[in-house]
């Protein structure tokens, strides 16, 4: 079982997810977008211990709260990111282009790989490599809970942009078809922006992706 608290944070209204195993009270922050103190307080108020920061990708609006979280924790949280996004992470997530000077926080120490299994208490998260929005974009699928944290790959009725460095439309579309649309239709998609949706709803109604 998982408990999930979602936040909408930062200048572009990014979804951040604070996820815990209620038995162990171990917690992870998926895409700590902004305002790390808000995320920290939510965890502290519940007695949850943040041990990990997991990034679906390294754009500035998905890592902007990491430094503030890490500065308040001892030991430092372990940071996970696909290696193809390390260059983007070192560049502050590309924030300078939009006028934001981002401290990216602690160095990533866990390299995401396709098929990798991450554990939070008794819960297993499957890493799926899904480039297209960025070179190193990944989603995190929890089969037992029928949930996929899908970053900026796909949204309710839309998809991630591909006009920024590292983006590619054909690659993005292929990632959605092979890594999202192959999940059970009832799987909840918790995206990086906007409301949640399901695999079945997007297969039926998303106008941007061909099923075949």
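Brief remarks follow.
- Relative contact order of the chain: 15 percent, from C-alpha pairs under 8 Å at least 6 residues apart in sequence.
- Report note on the peptides 1-9, 25-33: ranked by the mean count of other C-beta atoms within 10 Å, highest first, their order is 25-33, 1-9.
- When the P(r) is computed for the stretch 37-154, the part past 25 Å accounts for 22% of the Cα-Cα pairs.
- Between the stretch 1-42 and the stretch 71-122, the C-alpha centres lie 15 angstrom from each other.
- Measuring how big the stretch 3-205 is from its alpha-carbon positions, Rg and Dmax come out at 15.5, 46 Å.
No value in this document is a laboratory result; all are computed from the given coordinates. This is a predicted model, so every value here is computed, not measured. For neighbour counting, all protein chains shown are included, and Cβ atoms are generated from backbone atoms with ideal geometry for every residue, glycine included.
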